[in-house]
Amino acid sequence: MSRIGYDLARARLMSAEEAAQKIQDGDRVGFSGFTGAGYPKAVPGALAEQMRAAHEAGKPFTIASYTGASTAPEHDGALAAVDGISMRMPYQSDPVMRGKINAGVSEYSDVHLSHSGPQVRHGFWGNLDAAVIEVARVNSDGTVLPSSSIGNNNVYLEKADKIILEVNSWQSEDLEGMHDVYSMKTPPHNVPIPITSAGDRIGSKYFDIDWDRVVAVVETDAPDRNSPFKPLDQDSKTIAEHLLDFLGNEVKQGRLPKDLLPMQSGVGNIANAVLVGLNEGPFERLTSYTEVIQDGMVDMIDSGKLLVASATAFSLSPDAAHMMNEKASFYRDHIVLRPQEISNNPEVIRRLGVIACNGMIEADIYGNVNSTHIMGSKMQNGIGGSGDFTRNAYISVFVSPSLAKNGDISAIVPMVSHHDHTEHDVQVIITEQGLADLRGLSPKQRAKVVIENCAHPDFRDQLWEYVTRAEAVANSEHTPHDLSQAHSWHRRFLETGSMKQS
Ligand code: 0RQ
């Protein structure tokens, strides 16, 4: 049966190729899509073909591409492969896209996810020429049922001159009732967001759209694309155990309730290991106020450990995505999907007292964290929601193996090569070596626990050597640094392929 129940929508039905022709060189386009969920499946590929043809004819054709977060090879990958993206914003993780950013072909601005939609609404990113948004159904009254992510769709639908809808019949219609569409306004017109617990619903099940601006409707039937998780390795399991011990002790000390506080869990395998650990651990009746629903959370809903999870998107392995489609009518009572300006909203995160746990690339001895850049210059993915959650969390945690690249890189360095999260925001650092609780410590006290508890033994002496030298040459005893050597570990890696001193 057709998913298009509205006459005007039927009248604007066309092919992806025809729809893509509505987008012109130089346009700023807001796309749906968040961590491989709910991105448009057909128009980006058709647009990429038109860009390729234009380039072959010697004509320019690029767009500024704004999304919710990362998308998939047939979206970011396809547009990047034809050098079609002049500016990308916010989070991305596609290898082709990343390559174009690091090669200087595409500009990239790594905005906090909770800021990205509001900044477009305020006009900071210029006029939005078009929105390309995947939905699960067009209702008979012209409202639309969102699909597997909401992201910034509410903002792009509100602001774009032209709207292109992709109606994807692969997405389950049983998602109906899972979404909670609530939009912020432009200051000074904002009011307190009335969420006081993770599962609160404050908005609408559908997007209400202005059909005068809808220029095309395209039908698709294609799955979301996400990578399966790697099997859990020992380091991830050990890191998860350290976190669970820490949370258990916080309960014992009376600083956390027995059912904890809403959890936020970042992207990647360690984050998933933490969820597996929580599912096997002693805590019951948990809640989650986070950004993406991962496999581990679905397992926790199944086991009854997790009562409710709030997020903006799914980030599921292919098997779990299939299962979500089959059983969406069960999960919709336990999952709320919100716009990312709400799922990641600092006001709500602070009020609920979220426990935030995110991956990092490196941390320094004083507790500053780099989540985004390799050796200071190369973009990996982006800050994503890690800043939204970390700064506003009740407890903020960063996790990483202590070594990278076969042991040639230490994740604990004298000074981070790029700053995403400052010492003011980072409370706990965990590696497979152990946990550093930085709360209540001065910089010099932090250096001791970070080196002793988190650094790999291969690099501990080298770190102490740095501290001793820094204390001798620094112009202050507060945060001793030897500025001539602070980035010498990164320089050594770039020159020799290893951070280790010969
Ligand atoms: O490189 O892909 O070439 O093998 O970085 O590292 O170990 O696979 O770790 O998948 O957990 O990602 C911080 C990137 C960690 C992620 C980061 C190399 C390593 C590998 C990936 P290869 P791993 P993970 C809210 C939370 C920011 C967004 C965020 C991230 C690659 O967690 O993007 O937190 N975070 N969002 O070899 C050089 C080091 C390195 C290093 C790792 N010290 N130096 N290379 N690598 N450490 C959710 C969302 O926002 C959606």
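The values are calculated or read from the model by the stated rules, or taken from the named source; none is laboratory data. Since the structure is predicted, the reported quantities are computational estimates derived from the model, not experimental observations. Here Cβ is always computed from backbone atoms with ideal geometry, including for glycine, and neighbour counts include all displayed protein chains. Surface areas here come from the heavy atoms of the whole protein model, side chains and all, with no ligands, DNA or RNA. Shrake-Rupley method; radii C 1.70, N 1.55, O 1.52, S 1.80 Å.
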> What is the residue count in the range 378-405 for residues that are without any contact (Cβ under 8 Å) to a residue 60 or more places away in the chain and crowded, with 21+ Cβ neighbours inside 10 Å?
Replying inline: 6
> Under the condition of being modelled with pLDDT of 90 or more and open to solvent by 10 Å² or more (accessible area, probe 1.4 Å), which residue from the range 281-294 is nearest to SER197 (Cα to Cα)?
Replying inline: THR287
> Tell me, which residue of the range 456-489 that is touching a Ser or Thr at 6+ places or on another chain (Cβ under 7 Å) and open to solvent by 10 Å² or more (accessible area, probe 1.4 Å) is nearest to ASP364 (Cα to Cα)?
Replying inline: HIS487
> Any residue in the range 160-176 that is within 20 Å of the chain's Cα centre (by Cα) and buried (at least 17 other Cβ atoms within 10 Å of the Cβ)?
Replying inline: no
> Can you find a residue in the range 194-213 that is small (Gly, Ala, Ser), over 30 Å from ASP141 (Cα atoms), open to solvent by 30 Å² or more (accessible area, probe 1.4 Å) and assigned to a helix (DSSP H, G or I)?
Replying inline: no
> Taking into account only those residues within the range 330-345 that are over 15 Å from the mean Cα position of the chain (by Cα) and not in a loop (DSSP other than H, G, I, E, B), which is surrounded by the fewest Cβ atoms within 10 Å (Cβ to Cβ)?
Replying inline: PHE330
> Can you name the condition, by its number, that LEU232 falls short on among (1) within 14 Å of the ligand (Cβ to nearest atom); (2) part of a loop (DSSP other than H, G, I, E, B); (3) at pLDDT 95 or above?
Replying inline: (3)
>> With the requirement that a residue be farther than 30 Å from GLY104 by Cα and of a type in the set (S, T, N, Q), what does the range 366-401 give you?
In response: ASN392, SER396
> Is it the case that the range 406-424 has a residue that's open to solvent by 20 Å² or more (accessible area, probe 1.4 Å), over 23 Å from VAL449 (Cβ atoms) and free of Cβ contacts under 8 Å to residues at least 24 places away in the same chain?
Replying inline: yes
> Among (1) within 13 Å of the ligand (Cβ to nearest atom); (2) more than 17 Å from LEU494 (Cα to Cα); (3) touching a strand residue (DSSP E or B) at 6+ places or on another chain (Cβ under 7 Å); (4) not charged (D, E, K, R), which single condition is ILE395 missing?
Replying inline: (1)
>> List the residue pairs whose Cβ atoms are under 7 Å apart, where the first residue sits in the range 281-306 and is at positive phi, the second is more than 16 Å from the ligand (Cβ to nearest atom), and the two are 6 or more positions apart or on different chains.
In response: ARG285/ASP259; ARG285/LEU307
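Report, by residue number, each residue of the range 366-377 that is outside any strand (DSSP E or B) and either charged (D, E, K, R) or within 8 Å of the ligand (Cβ to nearest atom) (or both).
Hits for the range 366-377 are SER371, THR372, MET375.
Just name the residue that is surrounded by the most Cβ atoms within 10 Å (Cβ to Cβ) out of those in the range 355-377 that are farther than 18 Å from GLY268 by Cβ and touching a helix residue (DSSP H, G or I) at 6+ places or on another chain (Cβ under 9 Å).
So, considering only residues that are farther than 18 Å from GLY268 by Cβ and touching a helix residue (DSSP H, G or I) at 6+ places or on another chain (Cβ under 9 Å), the one surrounded by the most Cβ atoms within 10 Å (Cβ to Cβ) is ILE365.
Give the range 378-392 a look and list any residue that's of a type in the set (A, V, I, L, M, F, W, C) and within 9 Å of the ligand (Cβ to nearest atom), or say none.
Scanning the range 378-392 gives ILE383, PHE389.
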> ALA363 versus (1) assigned to a loop (DSSP other than H, G, I, E, B); (2) within 13 Å of the ligand (Cβ to nearest atom); (3) under 28 Å from ILE293 (Cα atoms): which is the lone unmet condition?
Replying inline: (1)
> Pick from the range 239-249 the residues that are out of contact with any Phe, Trp or Tyr (no Cβ under 8 Å at 6 or more places or on another chain) and closer than 14 Å to ALA356 by Cβ: which of them is farthest from the ligand (Cβ to nearest atom)?
Replying inline: PHE246
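Can you give me the number of residues within the range 45-91 that are among the basic types (Lys, Arg) and surrounded by 18 or more Cβ atoms within 10 Å (Cβ to Cβ)? Before you say what the answer is, go through the steps one by one.
Start the filter on the range 45-91 by keeping residues that are among the basic types (Lys, Arg), which leaves 52, 59, 88.
Checking which are surrounded by 18 or more Cβ atoms within 10 Å (Cβ to Cβ) leaves us with 88.
Matching residues across the range 45-91 total 1.
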